[in-house]
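Taking it in order: structure first as structure tokens, then the write-up.
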Amino acid sequence: MPDSRKGGEIRQVSRGVTTPDVDTAMPDPEIQQRQKAMELSAIGKRQPRLDGPEKVSGRSLFTDDVQLPGMLYGKILRSRHAHAKILKIDASKALALPGVKAFITGDDSEKVFANQYEPAISKGVTHYIGEEIAAIAAIDEVTAEQAIELIDVEYEPLPAVTDLRKALRPSAPRINPYHDGNVASHNIDNYGDPDQAFEEADLIFEDKLATHPTHNLYSEFHVVLVDWSFPDKLTMYTPTQSGYLFQKKLSEAFGLTDSQIRIVHLNTGGAFTGRGLLRPHHYIAALLSRKTRRPVKIFSAGDEEFLTCRAGGDNDYVVRTAITNDGVIKGFEIEGIMDCGAHAAGLSYLSAMAGNYQARLFKIKGLRFNRKCVITNQRPNFFHHGGMMTGLNAAIMQQLNRAAQQIGQDPIDMFLANAAEQGFTDIVGGTFASCGLKECLEKVRDRSGWKNKYGKLPPYHGIGVAIGSMASGVKGAFKHDTSAAMVKVAEDGIVTLYTGIPDMGQGTHTTMAIITAEVLGCDAEDIRLVAGDTETTPLDVGAFTQRGTFTTGNAVRIAATDARDQIAKVAAERLGVTPDQLVFRDRKIMVNSDRNRNMGFGEAAYACLHSREGRFVMGNGFYNSPLKYGTLAWSFGAQVAEVTVDPETGEVQLTRITVAHDLGRAINPLAVEGQIDGQIFSGMSQTLYEECETDNGQFLNPSRLEYKMPRTYEMPQVEYIIVESVDPYGPFGAKEVGEGPIVVTVGAIAAAVSNAVGAFMPEIPMSPWRVLRVIHQNGDGSGSD
Amino acid sequence: MLLPQHNYLQPASLNECLMALQDAGEFGQIVAGGTDVIFNMRLKLFRPKTVVSIRRLTELMQVEELPDGSLRIGAACRLTDLAENPIINDRFPAFSESIRSVASTHIRNMATLGGNICLQTRCWFTNNSQQWRQGKESCFKTDGDICHVIKSSEKKCHAINNSDTPVALIALNAELTIQKSGAKRVLPIADFFNDDGIEFMKLCPDELVTHVTIPPCNDRLIFSKYAARKGIDFSIGSIAARCNGEGEQTDKVSLILGSLSTAPIKLTKAAEIIQTKGLTDGAIEQAADTVRGDLGEVTNLYSRAVYKKQIARVLVKRTLTHLKNM
Ligand SMILES: Cc1cc2nc3c(=O)[nH]c(=O)nc-3n(C[C@H](O)[C@H](O)[C@H](O)COP(=O)(O)OP(=O)(O)OC[C@H]3O[C@@H](n4cnc5c(N)ncnc54)[C@H](O)[C@@H]3O)c2cc1C
């Protein structure tokens, strides 16, 4: 049972200065120099995805492709009331239907919670439209669908509140037993000295920005297949960002050990922060499978997908920037009211991260984030790609571009004068061992032709600049943040990498193959991968907080190095040198000083096994950040967006975007560009298009046709600039490019639109009708107000 | 979301098809490309007993030039084929534009002209799944007693006629050939639509639209559509504008707006202004200003009403300006 926590009390914390176990001050510059000068062969090549041919030819397996003998189909009965008592659920007609095998309600799942406060199946009361109130399993989909239609539910409607501001009123109905006043959490984070920062400012800018509900819109809808036919083994097939986390949660919920749970995630069709947590349907499939002793599959069809997703919600921000007359940015103050929906899960943590984010871009004195998470009768919310950082960055970057204009400075000059740099310790306590932020700013300025455009554009044309930074992994979810890997070298020299990191489209499996290939002197195409199954791969915390390349990449590097060392020992003996004199390159093992003295890589692996020792080469490795919690490496980026606005229709066209991203080292430049493309796409989509329109808690556009996400036709011209600062902690110097760019994209587009219409854009998405409203209210298109 | 149970017939000739429709009566449903009707069945908006496919009726898949210069198009022609048809592209480029603006390439590969003309009206309430609809009371179209879009005493369904080609076809004075077993009638497409989201067309359950005939046209004609995204979306507003003459001079104007109401709208005031004053910039502005009034009640369906009115104005202004320069 979740503990009932009192709402209403404000937790005021002075944050900052993490307590690292290691000294994160600047590492030895010589080490960094050596990293930079490294001779690389596999890394840096434009490597097409290794699973590309399999994916485009439709041969990759996804969860819905899996059919197990005796499999049943589960279907969930969802509440159609935003708030109501459930008086009676009568399934007699459904159960009389031939082929119906099981029926469950909240009575069958009392102790099973999908999240701290969210029951897997709600009992007695329903808190939002779409909430799970019963489920059935039947022999086929048609029967399951028919059976659901035959269940009679008697509701007694309760007053509902779907607007986060109204939910805070004293007269508002109480939505769940855990949160007084419908406040899930209220924190005030102080970083540095915000009061002093505002004291020292000459100018204070204040603006309001609201964001609206979204969907993560991954291409693979939510689906789960559970086989719990035997009581001591639960196998779950489902797309996820983390098999490990799912194992943990399920073992906790059902009293099994971790090893009794197997998560098979095969390929994951996109995530965009939407697949980190278990959802009710995962638990429901397990409950149905336990009850029927048969495998049960549940697929979210149509609008159901919009109810099971946990994406962005309604958030209202007030942002204040403190700045001096000569453009020194002193600090920020943010107030945020954020809609958790009906059940709080993780939003408070996400908002803390967003505050953190804004604290490390500039050399500011202080930042305060007053953040309140509110319970409403809406779908529970988590976040879309870019987290809560996108909305905040949209507000702050607009504000800073406008502030620069007002004090008569070029925004890029102002950013350069205030930007964080290598060796800088921010007010949160992170020290940047590598930081190419200024280089990014200079490069986007030059490549975009900023100097010829800024302030010189015709009416309704806009240009804007934004910057950002992203943690490459954040330790904190568990005591450890471990990724482990194994590298097997067969006697024919074929290398197999075992990794638990899910590839959900970001291409991480190819990245891991490249790292393995680099260490062993092979080609990425030579590496085979075993992945996507907790039973056959070593532990990996998963693919979130941009820890893949950094953390799993380090583990893979260590595992491959272990394998390399084993081979090197034998090869060195054969070649009559010491192992440290060897180079692994072009599938050969060569004496560095005389590369003609060499042996084949396969030959060496064969020699290992067929030696006296009989060694079969298996390299092991794991990586866990030496910090107690927090982050060792951050990416940095700057972008310039150019837009045109149609003053009669309000339509915004993103014409060009120039992206510079400091990702430490580009393991695979092709994948880096792919990541940048994807994030520009999604950043543009979130800023200009995506919105779940709601009417008293009901989504009005729960389909891919009416939930407007742009298509490739809307993609702008993209200029890519890769900045390699070579981080001392990253594998071969690499950091992240998984979420860093999108936050900057949103900020840059927002700033450009605001520049085009000459006003602060107070809402996201900037749908044409909203743009038109702003134009009619205050803009004149001259680029200034 | 699976299809409700039904019988599926695939008649091999027009006669056989008309008989099947007669037999099925009001429990029958014609399916052509299926890009709309199949989806509506999945939403359980319709539960027809008999689904009659016209995909084998090759006699409805021809494009012919008639002796009087008219073009006769079979209702079962695929939109992709029509979009690529050189005669249509050459003689009726605006119609061609309206075809290309429907949905996406994949959908046009399935969709037919007849299906586009007879497209069910759309509304966010009815075009959602049955489970979803249970969140609200049933509406007129779903056998209930209210309209969720406009709540008034008037018992009218306000679903929108969202199809693109009829807008161009009305401006072209096209005629529909409608057949049922043993009978045939011809109706100007301008008279085919009703101002009602449920009984939105003058077609009985046993009738089939077999052909569309377009008379020759030497006037200037433009079709234009405004949608949220390029190449997939239904229109927020669409327009067909036609006039004779050259440059600013004209004395015959017709303006048809689509997707803004339960039926395409003929803008008479705006047309009159241009007819009397010509295509001058002043007259165009003046004509555009009358649009709001001529629109009548605009719903919030799929876009805000105020915004849609603004789009209608912009469409009129831009197409008239374009006509002038044609
Ligand atoms: C994603 C998406 C986007 C779309 N975008 C657009 C758009 O931009 N513009 C647009 O106009 N449409 C759009 N559509 C709707 C639809 O695809 C098209 O209107 C298409 O032309 C319908 O033709 P069809 O042959 O598939 O019709 P069907 O689905 O087969 O039939 C549609 C209706 O017409 C009736 N019907 C079909 N043929 C005849 C006939 N010969 N006589 C009498 N009744 C008949 C059917 O009974 C049914 O009620 C879109 C659909 C989707 C799924």
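The values are calculated or read from the model by the stated rules, or taken from the named source; none is laboratory data. The model shown is predicted, which means the values in this text are computed figures rather than measured ones. Note that we place each Cβ from the backbone using ideal geometry, even for glycine, and neighbour counts take in every protein chain shown. Areas reflect the complete protein model, heavy atoms only, side chains present, ligands, DNA and RNA absent. Shrake-Rupley method; radii C 1.70, N 1.55, O 1.52, S 1.80 Å.
What whole number of Å gives the distance from the Cα centroid of the range A:674-700 to the Cα centroid of the range B:79-138?
Computed from Cα coordinates, the inter-centre distance equals 25 Å.
Give a quick list of trypsin sites (Lys or Arg not before Pro) in the range A:422-486 that DSSP marks as loop, anything other than H, G, I, E or B, with at most 13 other Cβ atoms within 10 Å.
Within the range A:422-486, the qualifying trypsin sites (Lys or Arg not before Pro) (loop, at most 13 other Cβ atoms within 10 Å) are A:Lys456, A:Lys479.
Given a 1.4 angstrom probe, I'd like the percentage of the accessible area of the range B:220-324 that is carbon and sulfur, rounded to a whole number. The partial results should precede the final answer.
Values: 1960 of 3880 Å².
Carbon and sulfur atoms account for 50 percent of the accessible area of the range B:220-324.
What accessible area per residue, rounded to a whole number of Å², is obtained for the protein assembly as shown using a probe radius of 1.4 Å?
Details: 41050 Å² over 1111 residues.
Result: 37 Å² per residue.
Report, in listed order, any pair from A:Lys55/A:Lys488; A:Lys330/A:Lys735; B:Lys44/B:Lys136; A:Lys123/A:Lys372; A:Lys330/A:Lys628 with a Cα-Cα distance greater than 20 Å. If you can, show how the numbers build up before the last one.
Details: A:Lys55/A:Lys488 25 Å; A:Lys330/A:Lys735 28 Å; B:Lys44/B:Lys136 15 Å; A:Lys123/A:Lys372 28 Å; A:Lys330/A:Lys628 30 Å.
Distance filter (> 20 Å) returns A:Lys55/A:Lys488; A:Lys330/A:Lys735; A:Lys123/A:Lys372; A:Lys330/A:Lys628.
What does the average come to when, for each residue of peptide A:641-648, you count the partner chain Cβ atoms lying within 10 Å of its Cβ?
Averaged over the peptide's residues, the number is 1.
Can you give the calculated 222 nm mean residue ellipticity of chain A, where each DSSP H run of n ≥ 4 adds -39,500 (n - 2.57) and the sum is split over every residue, rounded to the nearest 500 deg cm²/dmol?
-8500 deg cm²/dmol
Membrane-span-like helices in chain A: DSSP H runs reaching 15 Å or more (Cα, own axis), mean Kyte hydropathy at least 0.0?
Helix filter hits for chain A: A:347-359, A:508-520, A:669-688, A:740-757.
In the range A:569-617, what GluC sites (Glu not before Pro) fall in a loop by DSSP, with at most 14 other Cβ atoms inside 10 Å?
Filter output for the range A:569-617: A:Glu613.
Just want the answer: with Cβ charges of +1 for Lys and Arg and -1 for Asp and Glu, which residue in A:Leu347, A:Met389, A:Val591 is farthest toward the dipole's positive end in chain A?
Most positive-ward Cα: A:Val591.
When only alpha-carbon atoms count, how far does chain B stretch along each of its three principal axes, as whole angstroms with the largest first?
Per principal axis, max minus min of the Cα coordinates gives 58, 51, 33 Å.
Calculate how many DSSP beta bridges within chain A are antiparallel, expressed in % of all such bridges and rounded to the nearest 5.
Given both bridge residues lie in chain A, the antiparallel proportion sits at roughly 75 percent.
Write out the trypsin sites (Lys or Arg not before Pro) in the range A:613-707 meeting two conditions: DSSP loop, and at most 13 other Cβ atoms within 10 Å of their Cβ. All intermediate terms of the calculation are to be shown ahead of the outcome.
Values: sites: A:Arg615, A:Lys628, A:Arg656, A:Arg665, A:Arg704; in loops: A:Arg615, A:Lys628, A:Arg665, A:Arg704.
Counting only loop positions with at most 13 other Cβ atoms within 10 Å, the trypsin sites (Lys or Arg not before Pro) in the range A:613-707 are A:Lys628.
I'd like to know which of A:Val746, B:His148, A:Ile337 lies farthest towards the positive end of the charge dipole of the protein assembly as shown, counting +1 on Cβ of Lys and Arg and -1 on Cβ of Asp and Glu.
Result: B:His148.
For the range B:220-324, with only Lys/Arg (+1) and Asp/Glu (-1) charged at the beta-carbon, what is the dipole magnitude about the Cα centre, in debye rounded to 20?
Rounded to the nearest 20 debye, it is 360 debye.
Give me the number: length gained by fully extending A:Ser171 to A:Thr536, i.e. 0.36 nm times residue separation minus the C-alpha to C-alpha distance, one decimal in nm. Can you show the working numbers first?
Values: separation 365, 0.36 × 365 = 131.40 nm, distance 5.46 nm.
Going from the current span to full extension adds 125.9 nm.
Order of A:53-62, B:156-165, B:79-88 by packing, highest average Cβ count within 10 Å first?
Top to bottom by mean Cβ count within 10 Å: B:156-165, B:79-88, A:53-62.
Can you pull the mean other chain C-beta count within 10 Å for peptide A:134-147?
1
Given a cut-off of under 8 Å on Cα pairs at least six residues apart, what relative contact order in percent is computed for chain B?
After rounding, I find 16 percent.
Which positions within the range A:709-742 get 40 Å² or more of their accessible surface covered by the other protein chains, compared to the chain by itself, with a 1.4 angstrom probe?
A:Arg711, A:Tyr713, A:Glu714
Counting Lys and Arg as +1 and Asp and Glu as -1, what is the net charge of the other residues whose Cβ lies under 11 Å from the Cβ of A:Ile298?
Residues close to A:Ile298 contribute a combined charge of -1.
Assuming R0 = 56 Å, what is the FRET efficiency of A:Asp65 and B:Lys277, from their Cβ-Cβ distance, to the nearest 0.05?
According to the calculation, E is roughly 0.30.
Which FRET efficiency value, to the nearest 0.05, do you get for B:Ser153 and B:Thr268 by plugging their Cβ-Cβ distance into 1/(1 + (r/R0)^6) with R0 = 25 Å?
Given R0 = 25 Å and the Cβ-Cβ separation, E is 0.35.
Set Lys and Arg Cβ to +1 and Asp and Glu Cβ to -1, take the dipole of the range A:660-725 about its Cα centre, and tell me which of A:Leu670, A:Thr687, A:Val723 lies farthest positive.
Among A:Leu670, A:Thr687, A:Val723, the one farthest towards the positive end of the dipole of the range A:660-725 is A:Leu670.
Please list A:233-243, A:510-520 highest first by mean number of surrounding beta-carbon atoms within 10 Å per residue.
In descending order of packing, they fall as A:510-520, A:233-243.
With a 1.4 Å probe, how much accessible area is buried between chains A and B, both sides summed, in Å² to the nearest hundred? All intermediate terms of the calculation are to be shown ahead of the outcome.
Details: alone 29100 and 15110 Å², together 41050 Å².
Using a 1.4 Å probe on protein heavy atoms, the buried area is about 3200 Å².
What is the Cα radius of gyration of the protein assembly as shown over 2.2 N^0.38 Å, N being its residue count?
1.01
Run the quick spin-label model on A:Glu613 and A:Thr425: label points 7 Å from Cα toward the beta carbon, then report their separation in nm to one decimal.
Computed distance between label sites A:Glu613 and A:Thr425 equals 4.4 nm.
Take each of the peptides B:71-78, A:705-712, average the number of other beta-carbon atoms within 10 Å over its residues, and list them starting from the highest.
B:71-78, A:705-712
For B:Lys252, which lysines qualify as cross-link partners when the Cα separation must be under 26 Å and same-chain residues fewer than eight apart are set aside?
Result set, ordered by chain and number: B:Lys225, B:Lys266, B:Lys269, B:Lys277, B:Lys309, B:Lys317, B:Lys324.
Taking every residue in B:299-309, how many Cβ atoms of other protein chains lie within 10 Å of its Cβ, on average?
Taking the mean over all residues of the peptide, I get 3.
Given +1 on the Cβ of Lys and Arg, -1 on the Cβ of Asp and Glu, and no further charges, what dipole in debye does the range A:346-417 carry about its Cα centre, rounded to the nearest 20?
Rounded to the nearest 20 debye, it is 340 debye.
Around A:Gly473, which amide H atoms from residues at least 5 apart in sequence, or from another chain, sit under 5 Å from its own amide H, with H modelled in the peptide plane?
A:Gln546, A:Arg547
Nothing charged except the Cβ atoms of Lys and Arg (+1) and of Asp and Glu (-1): what's the magnitude of the dipole of chain B about its Cα centre? Round to the nearest 20 debye.
Charge dipole of chain B: 1040 debye, to the nearest 20.
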